[in-house]
Amino acid sequence: MSPTLAVRSYGDRAVLVETDESFVLPVARALLALDGVSEVVPAARTVLARIDPARLTQVTITRALRRASADDAVDQWDDPVLIEVTYDGPDLGLVAADAGCSPAEVIQRHSAPTYTVAFCGFSPGFAYLTGLHPSLVQPRLATPRARVPAGAVAIAAGYTAAYPQSSPGGWRLLGRTDAALWDTARVSPSLLRPGDRVRFVSA
Amino acid sequence: MIEVVEPGPFATVQDLGRTGYAHLGVSRSGAADRAAFRLANRLVGNPDGTPAIEFSFGGLVVRADAAATVAFTGARCDGVDWSAAQSLPPGRVVRLAAPGQGLRSYLAVRGGLIVTPVLGSCSTDTLSGLGPAPLRAGDRLQVGPQPIGDVSGAFGSFGPVSSTVRVVLGPRDDWFTPAAIESLRRTTWRVRADSNRVGLRVDGPALPRRTEAETRELASEATLPGAIQVPPDGRPIVLGPDAPVTGGYPVIAVVLDADLDALGQLRPGDPVEFRPERLRN
């Protein structure tokens, strides 16, 4: 299977590679392996790479990525990160109504899958997790909250996430966790990193 | 010790920024005018990335407890020698006036400012709060040991502030009408008062999207300082050092790395023009 690959310039020191959602992490890994790439930032359907323009061009990057995507890379999955959640969020009723099921069923559907961290963004350690039950793919709130507390577990726009810091936010809140999602004293400050697998466990 | 008697309108500690954590959602931050920041450190013999004070619109008042060698660079403020190493005797109070042009100035101290690094950097990230808080009156900053480097002589002058920055179109220029691309190029934009280290907002004509892109939503993608984002209202925002690492608005063009320093010196009311350049590939 060969993924979509389009390499676009992003200023004179970076490129933005567009690909299919399921190829973002393999493309990110392939970019990181290239000489002349200093930093790689995956997102929903793109990967941004900071490059040394003396060593890499859009043409050489495209060529290298085509070779890499042809390889049969086997993913080595670590055990999933387990996050304990108290499902008492203020939007549980709204989410249940939109999903056409009971709040208890929402909790069951949210805590059943093993999610994958697609990318981090928005704020330090804010991980966008893919793998939601289709009935939980719901839009943001019409009016965002001025303050969502740290530890809030939420869904929106096809993702689920846990807020590492309190911030304004428009996601639908299902519950909360005490997990240390962000700690700058750790070697990896973010509990969740791109490519990690995650499970939510009802407390 | 260097005592901040008055921080002026806005002062922070900066270095060359927090690298290697963008994939975890951490912005790079760091000096907005890297050349001026580097020069300040070189003048006093510090290694390039040594933490220094970045201050906007002058107004900084500092006092050294003990004799210190310092250098001021960037937007030139009256009250002190500029772009030159100089000795401050103990107790001397230095007051900086507002700069005649430009926005950001730097104060480097020989030995560097001792600040606890967070994720490898002493920079204040004004958006996420990583790093030290913005400087306040009464803050006392410890100075490190003498570096190996020599103090250097005077080094030319600051300015004039460039009002033209070069850009590369894309990655999402195809979301906009040809007229929007033409407007981007031909307009003399004006820097708005609500600009800061997160983003430089400019006034000018709205940049319309192509009909098919009018209601389209962009899946979040990574951004870099210098990216010119255009929200649905068509008013461009040039991302600064503290901008979030991902964004959902299409980027019409990206400022060349070499011209980011010039962006860091633009103040509210200043004109700015974006000149598209072709990349050699």
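The values are calculated or read from the model by the stated rules, or taken from the named source; none is laboratory data. Values in this document were obtained by computation on a predicted structure and should not be read as measured data. Neighbour counts are summed over all protein chains in view; Cβ atoms, including those assigned to glycine, are modelled from backbone coordinates with ideal geometry. Ligands, DNA and RNA are excluded from the accessible area calculation, which covers all protein heavy atoms including side chains. Shrake-Rupley method; radii C 1.70, N 1.55, O 1.52, S 1.80 Å.
General remarks:
- Dimensions (Å) - chain A, Cα atoms, principal axes, largest first: 55, 37, 34
- Extension reserve of the A:Glu21-A:Ala104 stretch, reckoned as 0.36 nm per residue once the Cα distance is removed: 26.8 nm
- Heavy-atom accessible area with a 1.4 Å probe sorts A:Ser22, A:Ser102, largest first, into A:Ser22, A:Ser102.
- Shielding by partners, peptide B:219-231 (average Cβ within 10 angstrom, other chains): 6
- Rounded, prolate or oblate (a/c below 1.5 giving rounded, otherwise prolate when a/b exceeds b/c) for region B:93-153 by Cα gyration tensor: oblate
- Taking the protein heavy atoms of region B:2-143 in the context of the full set of protein chains, the accessible area attributed to carbon and sulfur is 50 percent at 1.4 Å.
- Shown here: the protein assembly as shown, whose C-alpha atoms stretch 73, 50, 43 Å along the first, second and third principal axes, sorted largest to smallest.
- With the alpha-carbon atoms of chain B aligned to their principal axes, the span from lowest to highest coordinate is 66, 37, 37 Å, starting with the largest.
- Between region B:110-183 and region A:150-187, the alpha-carbon center distance in angstrom: 30
- Rounded to whole Hz, the Karplus (6.51, -1.76, 1.60) HN-Hα couplings of region B:176-193, x for glycine and proline: 10, 6, x, 5, 5, 5, 5, 5, 4, 6, 8, 7, 8, 7, 10, 6, 8, 5
- Cα centroid separation, region B:198-275 to region B:1-62 (Å): 23
- Taking the C-alpha atoms of region B:18-77, convex hull volume expressed per residue in Å³: 118
- Working value for region B:127-281: equivalent-ellipsoid semi-axes of 33, 19, 15 Å, each the square root of 5 times a Cα gyration tensor eigenvalue, largest first.
- Simple label model, 7 Å out from Cα along Cβ direction - B:Ala35 to A:Ser166, nm: 4.4
- Annotation: amide H of B:Val198 within the under-5 Å range of B:Asp242, sequence separation 5 or more or interchain, hydrogens built in the peptide plane.
- With a 10 Å cut-off around each Cβ of A:126-137, the average count of Cβ atoms from other chains is 1.
- For region A:3-10, the Karplus equation 6.51 cos²θ - 1.76 cosθ + 1.60, evaluated at θ = phi - 60°, returns couplings of x, 5, 9, 9, 9, 10, 6, 9 Hz by residue, with Gly and Pro reported as x.
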